[in-house]
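Structure record follows, encoded as structure tokens.
Rule-based calculations on the coordinates, nothing more; no lab input. What you see is a predicted model; the values in this text were computed from it and never measured. Note that each Cβ is placed from the backbone with ideal geometry, even for glycine, and that neighbours are counted across all protein chains shown.
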Amino acid sequence: MNVMHIKSSNSIGNEEISSLGKVLQTYNDLQNLILWLRHNNITKEGLSNFAESLSNCTKIRQFTLLYSYNKFELQTVQIISQLISKFVCLQSLYLDLSQSGYFQFKFNKNDAICLSSALEKLTQLQNLKLQLSSRSFDDEKVEVLVPALKSLKNLKQLNLDLNFNQIGNRGLSSLAQSFQCANLSTIKLILSFNNFGKEGITNLCSALQQSKNLKSLALDLKYNQQRIDDEQAILLSSAITECSNLLILILSISQNNFFTNNFYQSL
């Protein structure tokens, strides 16, 4: 079997997820696995059993795990990271670990280290989508993750959802360094509801100016605590105009402090 798509939001728990793992381990030739496991009652015990069952599915090339709104514990991200690190043939990864409200469990530095270590092993990865919104992701954790992103030399598409976090100038400046991959043609960066200012925007613009192969760019910078002003908006528009191969541009920049006409006229 090449493709398996499993969708469950029916309050499955440890017993059910462990049983699912035992079924999946029989498909050694599985290449595309999509797991929609949002809004369930899975704890680290069930997740660990499930991950162990998948340890022999080493031929997987496309893996999607939508795991938001489960019970996150101290070892949850570590278990998930260990799982994906075994998929050494992986070319496409979509990982949703977002949380909110009463589900929220802080994403700590060790979680960032584990995820970064796993990503560094995926040397064939071409398409990466990470959803980490509302995870208390700050500058320190971004700086842990960025070296792994920079190590992905074959990466063509990068999609990062980091809205509702605590990312400041240092974090955005570090994050911009991950755009340096020569093969990168698509960037989607969702950073609404964070706390960066002029320094972060300036370094983001510098990174975009060097992204000569960029064909698709989507930026969500709305509702930032330090509102983007006219000067920063003009810097951003100037950087975008230097992306000479850009074919698709999507900007979400509402709720900032610049005059919109000045921004669009400079594009």
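If we scan region 187-198, do we find a residue that is more than 19 Å from ARG227 (Cα to Cα), touching a strand residue (DSSP E or B) at 6+ places or on another chain (Cβ under 7 Å), of a type outside the set (A, V, I, L, M, F, W, C) and surrounded by fewer than 18 Cβ atoms within 10 Å (Cβ to Cβ)? For region 187-198, residues more than 19 Å from ARG227 (Cα to Cα), touching a strand residue (DSSP E or B) at 6+ places or on another chain (Cβ under 7 Å), of a type outside the set (A, V, I, L, M, F, W, C) and surrounded by fewer than 18 Cβ atoms within 10 Å (Cβ to Cβ): present.
Among the residues of region 210-225, those identified as more than 17 Å from the chain's Cα centre (by Cα) and of a type in the set (S, T, N, Q) are GLN210, SER211, ASN213, ASN224, GLN225. The number of residues in region 211-251 being of a type in the set (Lys, Arg), closer than 21 Å to THR186 by Cβ and loosely packed, with under 15 Cβ neighbours inside 10 Å comes to 1. Taking region 177-197 as the range and being under 13 Å from LEU221 (Cβ atoms) and more than 13 Å from the chain's Cα centre (by Cα) as the test, the residues that pass are SER192, PHE193, ASN194, ASN195, PHE196, GLY197. Scanning region 146-166 for residues that are over 21 Å from SER192 (Cα atoms) and part of a loop (DSSP other than H, G, I, E, B) yields LEU152, LYS153, ASN154, LEU155, LYS156. The selection criterion, being surrounded by 21 or more Cβ atoms within 10 Å (Cβ to Cβ) and of a type in the set (Gly, Ala, Ser), holds for ALA176. Residue count for region 50-60, restricted to those that are buried (at least 17 other Cβ atoms within 10 Å of the Cβ) and not β-branched (Val, Ile, Thr): 5.
Are any of the residues in region 140-152 within 19 Å of SER68 (Cβ to Cβ), buried (at least 22 other Cβ atoms within 10 Å of the Cβ), without any contact (Cβ under 8 Å) to a residue 60 or more places away in the chain and not small (Gly, Ala, Ser)? Looking through region 140-152, at least one residue is within 19 Å of SER68 (Cβ to Cβ), buried (at least 22 other Cβ atoms within 10 Å of the Cβ), without any contact (Cβ under 8 Å) to a residue 60 or more places away in the chain and not small (Gly, Ala, Ser).
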